[in-house]
Amino acid sequence: MLKLYHGTTSVCSAKVRIGLAECGLDWTGQILDLGKGEQTADWYLELNPKGVVPTLVNDGLEVVESSVILEYVDALGAGTRLMPQEAGARARAGMWLAECIDIHAAINTMTFATSKRAQMLASKTPEQIEASVARITSPANSAKRRDILDKGMASSYADAAFFTLRLMFDRMSRALEQGPWLLGDAYSIADASIIAYVDRLDRLGLAGLWESRTPLVKDWLEASRARPSYKVAIEDYGGPVGPERDRNLAAGNRELVAPLWTAFLERRD
């Protein structure tokens, strides 16, 4: 039996849960409380030395990195495969999976530079914040988190995130001009790999990143959310979109990010 170690609102965990649902696989799970740092417990670091989620275990095989897990569960599925079989389509799917490394970093930046930062500054002492940063296993990720918590959207990581998101939305828009899904007429591993990231941005109140410039992304997001996999993989864990989006809009995320995004585009377009 497949066992997934995951986080409730972790975008990478959601990405794998989407794949499991789309492939019709049975699995059991153990949720780690990321806020309490359970992903850095000694027993978990033996499974995943980076101290991140998710990790999938199957018959003694420990699979880490969400895109690799997504490909693995697709290979186990008994129904229609998410990975296309035609060589060119496989290559395009592989490029989407490869881009997820940068996309995840960008989503992490936007999450912690906006809502998470505000929550942590309001609810934790400086000593508690430093302790949470110190628990991060990767020195690079620890340095990034500290910089974002110190500077918010003024961090250089925010500009790097904008660069990645601009490329992602432009690429999505070009693909969606050819069909309803990222690889054409059929839903694929490319769509499964990206939905949790775009969903997170919308929940943060940041749909303005694509609404006017690349509007086809909105239709794709609505279609992805209409699939049964969205409810069981994302909504059942993170709740409905509306209330979370409204809270983040009321908190001023749109007003914080929009002028910076516009200025970035003016420099790049």
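Inspect all residues belonging to region 113-134 and state whether any of them is of a type in the set (Ser, Thr, Tyr) and under 30 Å from Asp185 (Cβ atoms).
Checked against the condition, which is being of a type in the set (Ser, Thr, Tyr) and under 30 Å from Asp185 (Cβ atoms), region 113-134 yields no hits at all.
Out of all the residues in region 77-96, is one or more closer than 28 Å to Leu209 by Cβ, among the hydrophobic types (A, V, I, L, M, F, W, C) and open to solvent by 40 Å² or more (accessible area, probe 1.4 Å)?
yes
Quick check on my filter: what residues within region 1-12 are in a helix (DSSP H, G or I) and over 18 Å from Lys116 (Cα atoms)?
Residues satisfying the conditions do not exist here.
Only one of Gly60, Gly94, Gly88 is more than 17 Å from Ala196 (Cα to Cα), at pLDDT below 95 and not aliphatic (A, V, I, L, M); which?
One residue alone meets the criteria, Gly60.
For every residue, the table says whether it meets (1) under 24 Å from Trp261 (Cβ atoms); (2) over 20 Å from the mean Cα position of the chain (by Cα).
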position	(1), (2)
Glu130	no, yes
Asp199	yes, no
Arg203	yes, no
Ser212	yes, yes
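Quick check on my filter: what residues within region 26-48 are more than 21 Å from the chain's Cα centre (by Cα), surrounded by 12 or more Cβ atoms within 10 Å (Cβ to Cβ) and part of a loop (DSSP other than H, G, I, E, B)?
Once the filter is applied, which keeps residues that are more than 21 Å from the chain's Cα centre (by Cα), surrounded by 12 or more Cβ atoms within 10 Å (Cβ to Cβ) and part of a loop (DSSP other than H, G, I, E, B), region 26-48 yields only Ala41.
Looking at this structure, is Ile101 in a helix (DSSP H, G or I), open to solvent by 30 Å² or more (accessible area, probe 1.4 Å), β-branched (Val, Ile, Thr) and at pLDDT 95 or above?
Answer is yes for this residue.
So, in region 156-209, of the ones that are acidic (Asp, Glu) and touching a residue at least 60 places away in the same chain (Cβ under 8 Å), which residue ends up farthest from Val232 (Cα to Cα)?
The extreme case among them is Asp159.
Among the residues of region 158-175 satisfying the criterion of being among the charged types (D, E, K, R) and more than 11 Å from Arg268 (Cβ to Cβ), which is surrounded by the most Cβ atoms within 10 Å (Cβ to Cβ)?
Arg171
How many residues does region 176-218 hold that are in a helix (DSSP H, G or I) and of a type in the set (Gly, Ala, Ser)?
6
Mind listing just one residue for me: the one in region 111-155 that is among the β-branched types (Val, Ile, Thr) and without any contact (Cβ under 8 Å) to a residue 60 or more places away in the chain and, of those, most open to solvent (accessible area, probe 1.4 Å)?
Among residues in region 111-155 that are among the β-branched types (Val, Ile, Thr) and without any contact (Cβ under 8 Å) to a residue 60 or more places away in the chain, the one most open to solvent (accessible area, probe 1.4 Å) is Thr125.
The values are calculated or read from the model by the stated rules, or taken from the named source; none is laboratory data. What you see is a predicted model; the values in this text were computed from it and never measured. Using ideal geometry, Cβ is built from the backbone for each residue, glycine included, and neighbour counts are taken over all protein chains shown. When the accessible area is computed, the model is the full protein with side chains, heavy atoms only, and any ligands, DNA or RNA have been set aside. Shrake-Rupley method; radii C 1.70, N 1.55, O 1.52, S 1.80 Å.
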